[in-house]
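The values are calculated or read from the model by the stated rules, or taken from the named source; none is laboratory data. Just so it is clear, the model here is predicted, and its values are computed rather than measured. Positions of Cβ are generated from backbone atoms using ideal geometry, with glycine treated the same way; all protein chains shown enter the neighbour counts.
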Amino acid sequence: MSPPARSRPAPAAAHEPAVPTELAPPAGLFWRTKTLAAMTGAEWESLCDGCGRCCLVKLEDEDSGAIAYTDVACRLFDAGSCRCSDYPNRSEIVADCVRLTPEAVESIGWLPPTCAYRLVREGKDLPFWHPLVSGTRDTVVSAGISVHGRVAGLETEFGLFELVDHIVNWPTRWPRGAKGTQTGTQAPAKRARTRPKPGA
C-alpha cells in the first residue's frame, strides 16, 4: 500500500485561504442555495467542520486502488485543536497535501461520508452537529465526528509498514445517532424492543 494525497480544505475559485479561527459563519443557509463553485471564500472555509478526518494518513492498495484510513495524522496536525498547525503554508510543507477545490471535491473519492463538501456536492443538507447549524464546534466532538482523542500519533512517529497496523474503519462511517439534519435536532434514537414477561 502507498499513501495517497491528503486533503485540507482550500477556498473556492481564486480566493486566498483564511486561517480558521473562531466560528464566525456567513449569514444565511448558503449551502442550501449555492453550489460549491459559487461560494465566497468565507462561505467555503466555514463549510469545513474541523473534524480532522481528512488529515488522517490514508493508504492506497496499488492493485485495487482501495483506500484505507489510519488513525495516524499528518505531521502538521494539532491534536489539541484538531486543526492544521500551519494552515496557510500546508501545501508547501507537505507535498502531497491536496487543496480542496470544487473541482477536486468532484473527483476525490475518499472524502469521509460526513464531510460537508461531499454532502453539499451530493445535494444533501448539513447535519445537526455541523457548526453552521449548531452554532458551535463542540457538537462535532459530542456527535463523535471529530478525531479528537482518537489519533495514535503523527506520521513522523511511524514507518510505512507500521501504518498498516493502524488501519481503522471509523473515519469512513457515520457515528450512531449523528445523521439528523433538522436544525438543532439529533437523529431519533431507535427504541429498544421489549418482550412481555411470561405470565404478565
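Among the residues of region 51-74, which ones are surrounded by fewer than 20 Cβ atoms within 10 Å (Cβ to Cβ) and part of a loop (DSSP other than H, G, I, E, B)? Explain how you work it out, then say what you get.
Within region 51-74, the first condition is being surrounded by fewer than 20 Cβ atoms within 10 Å (Cβ to Cβ), and the residues that meet it are 60-67, 71.
Result: D61, E62, D63, S64, G65, A66.
If you go through region 144-163 and keep only what is modelled with pLDDT of 95 or more, over 13 Å from the mean Cα position of the chain (by Cα) and of a type in the set (A, V, I, L, M), you end up with V151, A152, L154, L163.
It is to be established whether one or more residues within region 52-70 are acidic (D, E), at pLDDT 95 or above and in contact with a Phe, Trp or Tyr (Cβ under 9 Å, 6 or more places away or on another chain). Break it down stepwise before answering.
Residues of region 52-70 acidic (D, E): 60-63.
Still in the running and at pLDDT 95 or above: none.
No: zero hits.
Can you tell me how many residues within region 79-88 are surrounded by 15 or more Cβ atoms within 10 Å (Cβ to Cβ), outside any loop (DSSP other than H, G, I, E, B) and of a type outside the set (F, W, Y)? Result for region 79-88: 2. Kindly establish whether T185 is closer than 18 Å to R118 by Cα, touching a Phe, Trp or Tyr at 6+ places or on another chain (Cβ under 8 Å) and either at pLDDT below 95 or of a type in the set (A, V, I, L, M, F, W, C) (or both). So T185 does not fit the description; no.
Just one of the listed residues (S142, S107, S91) is out of contact with any Leu (no Cβ under 9 Å at 6 or more places or on another chain), among the hydroxyl-bearing types (S, T, Y), closer than 17 Å to E45 by Cα and surrounded by fewer than 20 Cβ atoms within 10 Å (Cβ to Cβ), and it is S91.
For D61, the conditions (1) over 28 Å from K179 (Cα atoms); (2) in contact with a Leu (Cβ under 6 Å, 6 or more places away or on another chain) are fulfilled apart from (2).
Among the conditions (1) of a type in the set (G, A, S); (2) surrounded by fewer than 18 Cβ atoms within 10 Å (Cβ to Cβ); (3) modelled with pLDDT under 55, A38 misses just one, which is (3).
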